[in-house]
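Colleague: Before anything else, here's the structure in question.
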Protein chains: 2
Amino acid sequence: MAISEQQAKMAEGKRLVQGDKVYSTPIEVTLEVIGGKWKSVIAYHIIQGPQRFSELKRLIPDINEKMLTQQLRELERNEVITRTVFAEVPPRVEYRITEHGASLQPVLEAMCLWGRGHWQQLAAKP
Amino acid sequence: MAISEQQAKMAEGKRLVQGDKVYSTPIEVTLEVIGGKWKSVIAYHIIQGPQRFSELKRLIPDINEKMLTQQLRELERNEVITRTVFAEVPPRVEYRITEHGASLQPVLEAMCLWGRGHWQQLAAKP
DNA sequence: AACCATACTTACATAAAAGTAAGTGACTTC
DNA sequence: GAAGTCACTTACTTTTATGTAAGTATGGTT
């Protein structure tokens, strides 16, 4: 390792660097992939089994088509899911979890579990 | 349960309701508490042990004071952390995880682990 | 008296995320 | 041939999140 690199590392503390992006926790890396309002929810549904576009729309009633498409594309770009178009009319498109995406299961499961617990606490109080 | 309530539930599928908020997955509940760019990172650091404001600033170099205060307040409001002011000059304020907040550990750990793995994959490729 | 430290607060500005509504293409059924 | 299905796209608007920079209070140190 060059001295300048080393100095840079010491000056900035333990930080993860990737191209022009700098993270101070691996959590930030995860957020790049499943951060935001929809991505974790979408991934959670697809991890339960392959889903069509329309099925996801049904499963996530409040999402609109633009958001659904956009977030699916980003998940695809990050290799969390794959997109398969079937040459049929009307078209059929299937989204499946990748192996890499499947490794998100513990994260999504933990989030799901915690959310359920927190919701019950809220429901019990006021 | 009143019939109208029941009908409402059937019409809208399995959804969690809390006041004026409606969720279709417990994941959304979790996101209300630790969603966004900073909250999970902050909680992660405080879960490792009590931290002062200035220490958090040091641990999360890219955050600014306004954001740090704001997010700390929201974590406090959701009973994830507590805030203790010591009557000293200069002031000392300590943030600690609550019991409820400590239950986030599996979530944050999973996020951290996954982020590390994903980052290594990225680093190995290009 | 001037300066330092800590942990903020405030007003304001910018950027990013999310939402709305209308339209597209290819083929099927009525 | 009009209408319907599915999975989008596009242009545009609104909302939410995040950031900047300056200022505040208390009291200790020089």
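The values are calculated or read from the model by the stated rules, or taken from the named source; none is laboratory data. Given the structure is predicted, the values throughout are model-derived calculations rather than measurements. Neighbour counts run over all protein chains shown; Cβ positions are idealised from the backbone, glycine included.
Colleague: Could you list, in sequence order, all residues of the stretch A:76-126 that are modelled with pLDDT under 95, in a loop (DSSP other than H, G, I, E, B) and facing another protein chain (nearest Cβ under 10 Å)?
Modeller: A:PRO126
Colleague: Of the residues that sit in the stretch A:1-38 and are touching a Ser or Thr at 6+ places or on another chain (Cβ under 6 Å) and modelled with pLDDT of 95 or more, which one is farthest from the other protein chains (Cβ to nearest Cβ)? Show your work before the answer.
Modeller: We begin by selecting, within the stretch A:1-38, every residue touching a Ser or Thr at 6+ places or on another chain (Cβ under 6 Å); these are A:15, A:27, A:34.
Now restrict to residues that are modelled with pLDDT of 95 or more: A:27, A:34.
On the way: A:ILE27: 5, A:ILE34: 9 Å.
Checking each candidate, the answer is A:ILE34.
Colleague: Moving on. Residues of the stretch B:39-62 being more than 12 Å from the chain's Cα centre (by Cα) and more than 9 Å from chain A (Cβ to nearest Cβ), which ones?
Modeller: Step one: list which residues in the stretch B:39-62 are more than 12 Å from the chain's Cα centre (by Cα), which gives B:48-62.
Residues satisfying the conditions are B:GLN48, B:GLY49, B:PRO50, B:GLN51, B:ARG52, B:PHE53, B:SER54, B:GLU55, B:LEU56, B:LYS57.
Colleague: Among the numbered conditions (1) modelled with pLDDT under 95; (2) closer than 30 Å to A:GLY101 by Cβ; (3) within 16 Å of DNA strand D (Cβ to nearest atom), tell me where B:VAL41 comes up short.
Modeller: If we test B:VAL41 against (1) modelled with pLDDT under 95; (2) closer than 30 Å to A:GLY101 by Cβ; (3) within 16 Å of DNA strand D (Cβ to nearest atom), just (1) comes out false.
Colleague: Identify, please: which residue in the stretch A:44-72 is within 12 Å of DNA strand C (Cβ to nearest atom) and among the charged types (D, E, K, R) and is, among those, modelled with the lowest pLDDT?
Modeller: A:ASP62
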